[in-house]
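The values are calculated or read from the model by the stated rules, or taken from the named source; none is laboratory data. Please read these numbers as outputs of a predicted model, since none were measured by experiment. Note: ideal-geometry Cβ built from the backbone for every residue, glycine included; neighbour counts use all protein chains shown.
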Amino acid sequence: MTDSRALDSSTEAPTGAVPVARRTFLSDLASACAGTPVLLGVVKIGDALAQDAPAGTYDPSEHWYGIGIDVQKCIGCARCVVACKTENDVPPEPHFFNTWIERYVIRNDGEVGVESPNGGIDGFPPIEDPASVRRTFFVPKLCNQCENPPCVQVCPVGATFITEDGVILVDEEYCIGCRYCIQACPYGARYMHPDRHVAAKCTFCYHRLRRDRLPACVEICPTGARVFGELTDRPTPLARFMRFNDLQVLKPNLNTKPKAFYANMDYEVS
Amino acid sequence: MRIPQQVPRLALVLVLAVVGLVVARGVLVPDTFGDVGHYRAAALDLVASHPIQYAGQQECGVCHADVAGAKAEGNHRGLSCEVCHGPAAAHTNAPMDVKPVVPRGRGQCTLCHAYNPSRPTGFPQIDSVAHNPRMPCQGCHTPHAPVPPVTPRECSACHGQISTQKAVSHHAALECTTCHEAPAEHRENPRLLRPTKPTSRSFCGACHAGGLADIPQVSLDAHNSGYLCWQCHYPHHPEAR
């Protein structure tokens with residue numbers, strides 16, 4: 001077949017057989033190459049047509065979620081930790097937490113102690129040598145839902161991602177359990193799920209957001225230390241929280257752009 | 001002239017590579033990958049389909065309007081019902097079949113109200129061992145609209161950290177009311193009306209500049225006259241010996 005085409009082209013241009021054959025070949029090659037993206041695109045186009053999903057009432061692109069935490073209001077009761085574990089089927093054992101409470105004890109000599117026994121669920125032991133304590137307080141921790149998330153950057157398969165509404169999620173059916181994201185997270189907010197063998201983390205209770213409810217920890221916090229809302233123009237409690245408080249984020253030098261904002265927090269906290 | 005033999009072979013290899021790539025992509029790349037971003041769009045529905053355990057504050061008042069009304073007036077107005085009664089989504093779906101927990105012992109209240117020095121000052125806290133031991137909290141307090149049944153006998157009922165520090169300091173013998181005037185309503189709405197603090201240097205000077213024996217003395221005129229005493233010294237645990 002290629003032979004006959006070569007002969008044809010040579011008969012069409014008898015004077016310069018070699019250049020014409022090359023031109024024909026190159027044009028054939030060009031058209032073949034031009035067809036490749038079309039071939040590659042067939043899968044995508046087919047998907048796009050199949051995915052012409054019915055538009056629900058929830059439009060993710062209209063939202064951009066964040067959370068505020070007032071350290072001065074946290075009483076360390078860890079009801080948020082219990083609520084989170086219940087709501088999200090987090091394993092009850094220690095070391096598996098989407099959110100947890102840390103107690104900071106700052107001594108008169110400047111020594112900083114941090115502890116979080118079982119995330120704070122069982123309470124905190126009495127402080128040794130209370131006379132030497134300069135300040136002590138609780139700090140709730142959770143996934144910072146970074147705008148520039150290192151965990152998403154390192155995922156080799158695209159199983160963890162930032163949604164259009166600004167929540168970092170894990171695709172449990174697609175995660176290969178390589179743990180890169182767990183190592184990449186500077187806030188220690190991820191863990192390996194012991195049963196499902198995938199990376200797990202705080203989802204801002206995405207299933208609740210979709211149903212117009214607050215995240216479980218925010219719903220349960222008895223003192224209002226956690227304030228949930230949006231970083232858009234939409235008026236939410238977070239807008240007032242951010243207007244009237246001096247805010248900090250954790251580890252700002254890492255340029256992760258966290259969306260968890262802390263108020264009334266000591267500089268020792270990281 | 002004939003096309004060199006290697007060209008059709010290379011073309012065949014190219015075609016096979018392209019076909020292989022398309023097939024491999026079709027097999028390996030998940031269905032909805034890349035529809036929204038660099039991830040499976042179907043994963044969003046997977047995450048969003050997780051069932052709800054906590055029904056939410058607004059759900060409870062639909063049936064329990066009386067309790068919700070009482071709670072909205074009291075000091076627990078900011079609390080969600082499910083803080084104490086546990087996750088209640090199952091109860092809202094089948095109100096008669098599933099009942100939420102009703103904690104009645106001392107354990108539930110002390111989760112928040114047991115004394116802990118790390119808690120913010122002014123948050124109502126009790127020493128669970130000393131505060132009416134073995135009595136259920138609900139014998140004296142209404143959990144839906146809690147107020148102290150009687151005026152707290154002593155300030156340490158709430159201000160545990162201050163009282164423990166003062167007890168071991170040189171100011172142990174002083175009453176709180178020596179320096180603070182607490183409006184009566186402070187005991188019921190502690191954050192609404194706050195106790196006073198001394199507003200003059202001469203208040204501390206009554207003892208510390210009055211020439212009393214065994215008490216550290218300063219000259220009010222010469223000693224940092226621009227400041228109130230408690231702006232440098234912590235009166236609940238003064239450092240001077």
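Between B:137, B:60, B:109, B:81, which is in contact with a Cys (Cβ under 6 Å, 6 or more places away or on another chain) and more than 12 Å from chain A (Cβ to nearest Cβ)?
Exactly one of B:137, B:60, B:109, B:81 is in contact with a Cys (Cβ under 6 Å, 6 or more places away or on another chain) and more than 12 Å from chain A (Cβ to nearest Cβ), namely B:137.
Write out, first by first residue and then by second, each pair whose Cβ atoms fall under 8 Å of each other, whose residues are 6+ apart or on separate chains, and whose first residue, in the stretch B:31-52, is within 7 Å of another protein chain (Cβ to nearest Cβ) while the second is assigned to a strand (DSSP E or B) and polar (S, T, N, Q).
Filtered contacts from the stretch B:31-52: B:39/A:160.
State which residue is nearest to residue A:157 (Cα to Cα) when the search covers only the stretch B:1-14 and only residues that are more than 8 Å from chain A (Cβ to nearest Cβ) and either in contact with a strand residue (DSSP E or B) (Cβ under 9 Å, 6 or more places away or on another chain) or part of a helix (DSSP H, G or I) (or both).
B:13
Here's the yes/no breakdown for (1) more than 20 Å from residue B:89 (Cβ to Cβ); (2) in contact with a helix residue (DSSP H, G or I) (Cβ under 7 Å, 6 or more places away or on another chain); (3) not basic (Lys, Arg):
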{"site": "A:152", "(1), (2), (3)": "yes, no, yes"}
{"site": "A:158", "(1), (2), (3)": "yes, no, yes"}
{"site": "A:171", "(1), (2), (3)": "yes, yes, yes"}
{"site": "A:175", "(1), (2), (3)": "yes, no, yes"}
{"site": "A:183", "(1), (2), (3)": "yes, no, yes"}
{"site": "A:189", "(1), (2), (3)": "yes, no, yes"}
{"site": "A:207", "(1), (2), (3)": "no, yes, yes"}
{"site": "A:216", "(1), (2), (3)": "no, yes, yes"}
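Identify all residues within the stretch A:211-224 that are out of contact with any Ser or Thr (no Cβ under 9 Å at 6 or more places or on another chain) and in contact (Cβ under 8 Å) with a residue 40 or more places away in the chain; write none if there are none.
Across the stretch A:211-224, the qualifying residues are A:218, A:223, A:224.
To keep it simple, each residue is scored yes or no on (1) surrounded by fewer than 18 Cβ atoms within 10 Å (Cβ to Cβ); (2) at pLDDT 95 or above; (3) closer than 29 Å to residue A:90 by Cβ; (4) not small (Gly, Ala, Ser).
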site	(1), (2), (3), (4)
B:28	yes, no, no, yes
B:56	no, no, yes, no
B:63	yes, no, no, yes
B:78	yes, no, yes, no
B:104	yes, no, yes, yes
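Report the residue count in the stretch B:106-136 for those that are loosely packed, with under 15 Cβ neighbours inside 10 Å and touching a Ser or Thr at 6+ places or on another chain (Cβ under 7 Å).
Adding up the residues that qualify gives 0.
Residue under question is residue A:250, and the condition is that it be outside any strand (DSSP E or B) and within 21 Å of residue A:170 (Cβ to Cβ); does it hold?
So residue A:250 fits the description; yes.
Is there a residue in the stretch A:156-173 that is assigned to a loop (DSSP other than H, G, I, E, B), away from chain B (no Cβ under 14 Å), closer than 22 Å to residue A:257 by Cα and of a type in the set (A, V, I, L, M, F, W, C)?
no
Listed here are the residues, each with its yes/no results for (1) of a type in the set (Lys, Arg); (2) at pLDDT below 95; (3) farther than 24 Å from residue B:84 by Cβ.
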{"site": "A:60", "(1), (2), (3)": "no, yes, yes"}
{"site": "A:78", "(1), (2), (3)": "no, no, no"}
{"site": "A:133", "(1), (2), (3)": "no, yes, yes"}
{"site": "A:138", "(1), (2), (3)": "no, no, no"}
{"site": "A:144", "(1), (2), (3)": "no, no, yes"}
